[in-house]
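The values are calculated or read from the model by the stated rules, or taken from the named source; none is laboratory data. Bear in mind that the values here come from a model prediction, so they are computed numbers and not experimental data. Cβ atoms come from the backbone with ideal geometry, glycine included; neighbour counts cover every protein chain shown.
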There are 2 protein chains.
Amino acid sequence: LRFFKWVGDILMEILQNRTMDTSNIRRPTLLVDVKKAKKNIAKMAQLASSLGIPLRPHFKTPQSLQAGEWYREAGVDCITVSSVTMAAYFMEGGWRDIIIAFPVNLRELPLLNDLSSKGKIGLILDSVEVAKQLSAGLLHAVDIWIEVDCGQNRSGVPVLAKEQVLNLAQALDKLPHLRFAGILSHAGHSYQARGKAAILEVHAQALADLQSLKLHLIRKGFPHAKLSYGDTPTCSVAANFEEVDELRPGNFVFYDLMQEQIGACVEEQVAVALACPVVAVYPERGIAILHGGAVHLSKDFLVDPMLGQHFGKIALPAMGGWTTSLPGSYLKSLSQEHGVAVLSKELIPLVHPGDLLMALPVHSCLCADLMGGWMGSDGMWYEMMPRPGLGNGNKKNTG
Amino acid sequence: LRFFKWVGDILMEILQNRTMDTSNIRRPTLLVDVKKAKKNIAKMAQLASSLGIPLRPHFKTPQSLQAGEWYREAGVDCITVSSVTMAAYFMEGGWRDIIIAFPVNLRELPLLNDLSSKGKIGLILDSVEVAKQLSAGLLHAVDIWIEVDCGQNRSGVPVLAKEQVLNLAQALDKLPHLRFAGILSHAGHSYQARGKAAILEVHAQALADLQSLKLHLIRKGFPHAKLSYGDTPTCSVAANFEEVDELRPGNFVFYDLMQEQIGACVEEQVAVALACPVVAVYPERGIAILHGGAVHLSKDFLVDPMLGQHFGKIALPAMGGWTTSLPGSYLKSLSQEHGVAVLSKELIPLVHPGDLLMALPVHSCLCADLMGGWMGSDGMWYEMMPRPGLGNGNKKNTG
């Protein structure tokens, strides 16, 4: 039986490879290894399931209704998004339990009222001032999560300011349409960590502080207060999530070179690469020019101990995907459309204008957001949400 | 008469201001001061006209057919673009003389053949290898410009390698469908300059080398060889363009803080700003959180002697536009959707969640590309070209 499964897997692999045909790629195109992405989802769903809590993945990374199906297959039924527009896109696509993990924007009340009439919307805020204005403008009930800053130092009430959080919870309790749900925190400072030990250190401190805050709320009259937590680095390496009521990582579906440098994944787990046509090769300078620039990859960069500052690593196309990154080959600079690739001595004689090279991105969220869609290794074209900045959407909602 | 013109201007101003209504802005929205943009175009058109040569502006900055009309009004009838897709968009909109100032991508031959059947297409390349493959695949004649590297060190034949350029010109001459037009160069190293003297130094060296190369070609059998040249910094400050046959700057239509730091413009000429809703204010930390992040502004940053590293400066909305940037107020970091703004002591007590702040972008080309459209001070909504990375476009052209 095992043998037949093995033969079946190989046949599936051949069929899948046949459908992802890179020979027709004419310009920068994002490729996604669907098998890897699904494996990344399965692993995270398994973590949540072993903890007995929901996985509420952040969809700002894939931003795609079609990719949403991968998560549904893994049992996911609640999600996180980063804007009201993104919430509208996913609600339109059938998702009915959505946290907008971005501080309430009071200018978007009309769209919020529309959304909260159709499904369960969770919002985050950290001030009584905003809570009051929100409450006054809402027509339907929404869940309210108090945003707590557990160390990132961006937005949220400081995790140690327990009385401030309690006072806010008490104020929320009296305001119409606001259902206090609990505290929500993003340990974004885990992105500064390098290595598993450093990630676990960030996690241990953040979790201890958040647990203590949650228990304070429970003791002081909010027995149902929940804790929403979880970023890709901590959720990729930690095992202890006691008192956490839901996990909210996002980037893990694709991972990227930044996550690899942080220590949240290994390169084999990176499920995206940008296919870039080669347009010029300068063997004497060790350089090739790729069509693949800042409007495709974003200007996010890493500083690598060996390569220095770079905007992505270079791999070769391979059956159904791409090889591991090639030693000494990376994007050293980006213009609007140009990528300047340093290629190793071994590689450069093999590369010619008209070839394709694969760029592993530094930051897959921004790269996907720029590309707006991708070619899956399953042969499907995946559409992403239309850009909110695009005329139609914006015009419609500014009026 | 002067008095009536003055009254007329004021009336126009009032009418224009009435049409740009920022009170309805709900989320990050790009605003363009159309008057400033047209003034920037008029000034550049005046330079070209005084030199007796065409202005062939780079449209990768505005990427909009509607904005193209501003240039037509200033007498422009030939343009530059950075991709084949962008050429297709502008040709569809009636532009018939287009240089694609990006090294020929051999994978895009089908679309190139389509375009060159409809209008005058100019392409750039720097190798015989590419020229031969291009010629073999073309169905119609195109102009070929030899790309020359005058110091940027990205792509092109080094400007001092005169024999290499001559050999390439001779090879082009024998290949079907290729009409050798001349040499094309981008002094992109002017972006490293700070101050007018430094820009002029880059310009003087680049121009001298390019003049010498052009004269070499003229003497050696190519009497009609032209020189296409010009980036925003050099075209904004230099006056001598002897032997230059067309000017190709792009960014000047909007300018931005990078151009201001380079010394190519003053802040008053910057014609774009991103309107950002304020979602949280922390007076004790001197910080406000704006809706306006990396997916709106890009991750391009500047290092300012006073402010340090920043992603944009902060201004206030004003009748029909925005104020000058406020001292000590800037974006110190960006996440995907969040902008973390440092606000001065004077400003912060005046700012509340639900307000709008204006971010002057570091790099207007990338910001506009991300936003996909803008609200003009003339009350019009300007659509930009649909993103080539978006599913439809890409799918259509990969097949």
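I'd like to know if the range A:321-334 contains one or more residues that are in contact with a Pro (Cβ under 6 Å, 6 or more places away or on another chain) and more than 10 Å from chain B (Cβ to nearest Cβ).
Step one: of the range A:321-334, the residues in contact with a Pro (Cβ under 6 Å, 6 or more places away or on another chain) are none.
Within the range A:321-334 (the criterion being in contact with a Pro (Cβ under 6 Å, 6 or more places away or on another chain) and more than 10 Å from chain B (Cβ to nearest Cβ)), the answer is no, since none of the residues qualifies.
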- Checking A:Ser155 against (1) under 30 Å from B:Thr22 (Cα atoms); (2) in a helix (DSSP H, G or I), the condition it does not meet: (2)
- Residues satisfying the stated conditions in the range A:268-312, i.e. in contact (Cβ under 8 Å) with a residue 24 or more places away in the chain, of a type in the set (Asp, Glu) and not in a strand (DSSP E or B): A:Glu268, A:Asp300
- Note on the structure: Picking from A:Gly321, A:Gly293, A:Gly328, A:Gly308, the residue that is out of contact with any helix residue (DSSP H, G or I) (no Cβ under 9 Å at 6 or more places or on another chain) and either at pLDDT below 95 or farther than 27 Å from B:Ser333 by Cβ (or both) would be A:Gly328
- Message: I'd like to check something: does the range B:101-112 contain any residue that is more than 9 Å from every other protein chain (Cβ to nearest Cβ), in contact (Cβ under 8 Å) with a residue 40 or more places away in the chain, buried (at least 23 other Cβ atoms within 10 Å of the Cβ) and not aromatic (Phe, Trp, Tyr)?
- Response: yes
- Find the helices (runs of 4 or more DSSP H) located wholly in the range B:31-103 whose residues include 2 or more that are in contact with a Cys (Cβ under 8 Å, 6 or more places away or on another chain), and list them. B:34-51
- Of (1) under 30 Å from B:Met375 (Cβ atoms); (2) surrounded by fewer than 16 Cβ atoms within 10 Å (Cβ to Cβ); (3) of a type outside the set (Phe, Trp, Tyr), B:Thr80 satisfies every one except (2)
- Task: Please indicate, with yes or no, whether at least one residue in the range A:339-351 is modelled with pLDDT of 95 or more, within 16 Å of A:Ile25 (Cβ to Cβ) and facing chain B (nearest Cβ under 8 Å).
- Result: no
- Specify the residue that is surrounded by the fewest Cβ atoms within 10 Å (Cβ to Cβ); the eligible residues are those in the range B:204-238 that are assigned to a helix (DSSP H, G or I) and among the basic types (Lys, Arg). B:Arg219
- Note on the structure: Of the residues in the range B:357-381, those that are surrounded by fewer than 21 Cβ atoms within 10 Å (Cβ to Cβ) and facing another protein chain (nearest Cβ under 8 Å) come to B:Trp381
- Message: Quick check on my filter: what residues within the range B:249-267 are in contact with a Pro (Cβ under 7 Å, 6 or more places away or on another chain) and part of a loop (DSSP other than H, G, I, E, B)?
- Response: B:Pro249, B:Gly250, B:Asp256, B:Ala264
- Note on the structure: The residue from A:Val272, A:Val266 that alone is aliphatic (A, V, I, L, M) and within 14 Å of chain B (Cβ to nearest Cβ) is A:Val272
- Do any residues in the range A:329-348 that are assigned to a helix (DSSP H, G or I) have Cβ atoms under 8 Å from those of residues that are crowded, with 19+ Cβ neighbours inside 10 Å, where the two are at least six apart or on different chains, and which pairs are they? A:Ile348/A:Val281; A:Ile348/A:Ala288
- Task: Filter the range B:283-308 down to residues that are surrounded by fewer than 19 Cβ atoms within 10 Å (Cβ to Cβ) and out of contact with any strand residue (DSSP E or B) (no Cβ under 7 Å at 6 or more places or on another chain) and give me whichever is nearest to the other protein chains (Cβ to nearest Cβ).
- Result: B:Arg285
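Could we say that B:Ala45 is within 14 Å of another protein chain (Cβ to nearest Cβ), at pLDDT 95 or above and farther than 28 Å from B:Val157 by Cβ here?
Spelling it out, it is not the case that B:Ala45 is within 14 Å of another protein chain (Cβ to nearest Cβ), at pLDDT 95 or above and farther than 28 Å from B:Val157 by Cβ.
Within the range B:187-203, is even one residue within 30 Å of B:Met258 (Cα to Cα), in contact with a strand residue (DSSP E or B) (Cβ under 8 Å, 6 or more places away or on another chain) and part of a helix (DSSP H, G or I)?
Applying the first criterion (within 30 Å of B:Met258 (Cα to Cα)) to the range B:187-203 yields B:187-203.
With the extra rule that they be in contact with a strand residue (DSSP E or B) (Cβ under 8 Å, 6 or more places away or on another chain), the set shrinks to B:187.
The next check asks that each one be part of a helix (DSSP H, G or I); those that pass are none.
No: the range B:187-203 contains no residue that is within 30 Å of B:Met258 (Cα to Cα), in contact with a strand residue (DSSP E or B) (Cβ under 8 Å, 6 or more places away or on another chain) and part of a helix (DSSP H, G or I).
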- Item | Whichever residue in the range B:239-268 is surrounded by fewer than 24 Cβ atoms within 10 Å (Cβ to Cβ) and of a type in the set (S, T, N, Q) and, among such residues, is farthest from B:Ile183 (Cα to Cα) | B:Gln261
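So which of B:Lys132, B:Lys118 ends up being within 14 Å of chain A (Cβ to nearest Cβ) and either buried (at least 16 other Cβ atoms within 10 Å of the Cβ) or not in a strand (DSSP E or B) (or both)?
Values: B:Lys118 fails: within 14 Å of chain A (Cβ to nearest Cβ).
Answer to the check: B:Lys132.
Quick one: count up the residues across the range A:57-89 that are touching a strand residue (DSSP E or B) at 6+ places or on another chain (Cβ under 7 Å) and either touching a residue at least 40 places away in the same chain (Cβ under 8 Å) or within 14 Å of chain B (Cβ to nearest Cβ) (or both).
At the first step, the residues of the range A:57-89 found to be touching a strand residue (DSSP E or B) at 6+ places or on another chain (Cβ under 7 Å) are A:57-60, A:64, A:66-67, A:76-84, A:87.
Okay, now just the ones that are also either touching a residue at least 40 places away in the same chain (Cβ under 8 Å) or within 14 Å of chain B (Cβ to nearest Cβ) (or both), so A:57-60, A:64, A:66-67, A:78, A:80-84, A:87.
The total comes to 14.
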